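Undergrad: Below: one structure in structure tokens.
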Amino acid sequence: MAFITTIDDLKPIYKRRVPKMFYDYTESGSWTEQTFRENSSDFNRLYFRQKVAVDISNRTTASKMIGENVSMPIALAPVGLTGLQHADGEIKAAKAAQDFGIPFTLSTMSICSIEDVAANTNKPFWFQLYCMNDIPFIENLIDRAKAANCSALIITLDLQILGQRHKDIKNQMTAPPKLTIKNLINMATKPKWCMGMLKTKRHGFANIIGHATGVENLTSLSEWSAKTLLRTLSWNDLDWIIKRWGGKVILKGIQDVEDAKMAVKTGADAIIVSNHGGRQLDGALSSIRSLPDIIDAVGDQIEVWMDGGIRSGQDVAKALSLGAKGVMIGRPFIYGLGAMGQPGVTKALEIIHKELDTTIALCGERSVQNMSPDNLLIPKDFRGNWE
């Protein structure tokens with residue numbers, strides 16, 4: 001793997017080895033994909049201030065996220081269908097995160113169940129919850145996550161309705177994939193993926209099938225969304241969820257300052273500035289540009305993290321410099337997982353860690369916790385608080 005030195009080096013391998021519908025599921029956004037693209041490109045508008053003749057020995061990337069010790073302030077984000085990017089993908093990603101000393105988050109829409117991941121890992125992981133109109137099912141999910149010793153609950157707030165994701169619609173994406181002639185021809189070019197899938201029994205939405213009322217054969221994310229997502233979701237709905245959970249809570253999908261202030265009032269432990277990877281409201285501001293105003297508004301009252309567009313350790317360093325206490329990454333670890341399974345996830349984390357460590361050193365810092373706006377040159381028009 002010596003030729004793999006950046007996250008972008010993993011992407012073409014991933015594309016070669018995973019069926020087109022699952023590559024497209026990852027590497028796409030909604031509508032015109034403007035927000036998807038700008039999530040990454042807006043990082044390039046921030047410049048580092050290089051510092052020299054500073055003692056940079058004994059550096060550390062170690063930090064804490066909601067009180068948990070982490071080797072770097074990064075967590076693996078919840079990604080649906082991870083187990084179709086690579087056989088048993090959620091388990092393999094969780095193991096890689098565990099070995100690296102960072103948190104892993106299991107999606108409600110995972111292929112491996114909560115119990116599967118718990119049985120195959122030694123460290124508590126986080127669980128991500130979608131707000132649904134099947135209250136007994138939500139209660140059961142929460143109780144299952146508690147029984148599995150999950151150490152935090154991430155509540156996603158920006159999926160009351162599914163964004164218009166054109167590639168998924170055109171690919172007729174399902175889990176498991178429909179065995180159409182087009183799909184069979186494409187899968188025939190992915191022999192390692194096929195062999196992996198033949199060896200595992202985990203092909204569907206294991207957290208939902210057999211647990212949600214009347215759901216015995218769910219294959220389509222859009223089908224599930226249309227029937228189940230809670231269209232009437234309000235801040236008041238979070239009260240009973242947080243109470244039933246009784247542990248650490250993170251609210252994901254915050255893009256607006258007023259929403260951030262409301263999130264603080266819930267008593268949550270952290271919020272994630274996120275636009276769902278550009279997969280929901282296209283034309284929304286990138287996460288990195290939304291971050292500064294939210295930091296200014298609530299950063300002294302709650303831990304503020306961000307996700308969206310991160311493709312390098314330098315991107316992580318920029319987010320930390322703007323005031324984020326941590327970040328979540330999705331696509332980078334999926335590239336690694338699809339390319340090489342668990343070793344690929346580890347490789348992605350190694351790449352980001354090395355880039356982060358080198359960047360803080362060249363900025364004249366010895367700890368990621370010392371990064372601040374002073375380490376950046378920020379364009380005057382970068383912030384999103386236009387009149």
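None of the figures in this text is laboratory data; all of them are computed from the coordinates on show. As the structure is a computational prediction, the values presented were derived from the model and not from experiment. Backbone-built Cβ (ideal geometry, glycine too); neighbour counts: all protein chains shown.
Undergrad: DSSP loop (so not H, G, I, E, B), at most 16 other Cβ within 10 Å: list which trypsin sites (Lys or Arg not before Pro) in segment 315-387 pass both filters.
TA: Listed in order of number, the matching sites are ARG366, LYS380, ARG383.
Undergrad: Looking at the square roots a ≥ b ≥ c of the eigenvalues of the Cα gyration tensor of segment 137-269, which shape do they give, rounded for a/c under 1.5, prolate if a/b is larger than b/c, or oblate?
TA: Details: a/c = 2.33, a/b = 1.78, b/c = 1.31.
Here segment 137-269 falls in the prolate category.
Undergrad: Looking at this model, which pairs from LYS92/LYS252; LYS95/LYS167; LYS318/LYS347 are more than 26 angstrom apart at the alpha-carbon? It would help to have the intermediate numbers written out before the result.
TA: Values: LYS92/LYS252 24 Å; LYS95/LYS167 30 Å; LYS318/LYS347 21 Å.
Beyond 26 Å: LYS95/LYS167.
Undergrad: Sticking with this structure for a sec: Can you work out the Karplus-derived ³J(HN,Hα) for every residue in segment 281-291? Use 6.51 cos²θ - 1.76 cosθ + 1.60 with θ = phi - 60°, whole Hz, and x for glycine or proline.
TA: 8, 5, x, 6, 5, 4, 4, 5, 7, 6, 4
Undergrad: Determine the sum of side-chain charges near LYS15: Lys and Arg each +1, Asp and Glu each -1, restricted to other residues whose C-beta is under 11 angstrom from that of LYS15.
TA: So the surrounding residues net to +3.
Undergrad: How much space per residue, in cubic angstrom, does the convex hull of the C-alpha atoms of the chain take up? Don't jump to the answer; show the numbers that get you there.
TA: Numbers: hull volume 51.6 nm³, N = 387.
Given the Cα convex hull of the chain, per-residue volume reads 133 Å³.
Undergrad: With the cut-off at 1.5 for a/c, could you classify segment 110-167 from its C-alpha gyration tensor as rounded, prolate or oblate? Please report the intermediate quantities before stating the final value.
TA: On the way: a/c = 2.28, a/b = 1.60, b/c = 1.42.
Judged from the Cα gyration tensor, segment 110-167 comes out prolate (a/c at least 1.5, a/b above b/c).
Undergrad: Kindly write out, for segment 48-59 in residue order, the coupling ³J(HN,Hα) from the Karplus curve 6.51 cos²θ - 1.76 cosθ + 1.60 (θ = phi - 60°), rounded to whole Hz, with x marking Gly and Pro.
TA: 3J(HN,Hα) across segment 48-59, in whole Hz: 7, 9, 6, 10, 10, 6, 10, 5, 10, 6, 6, 6.
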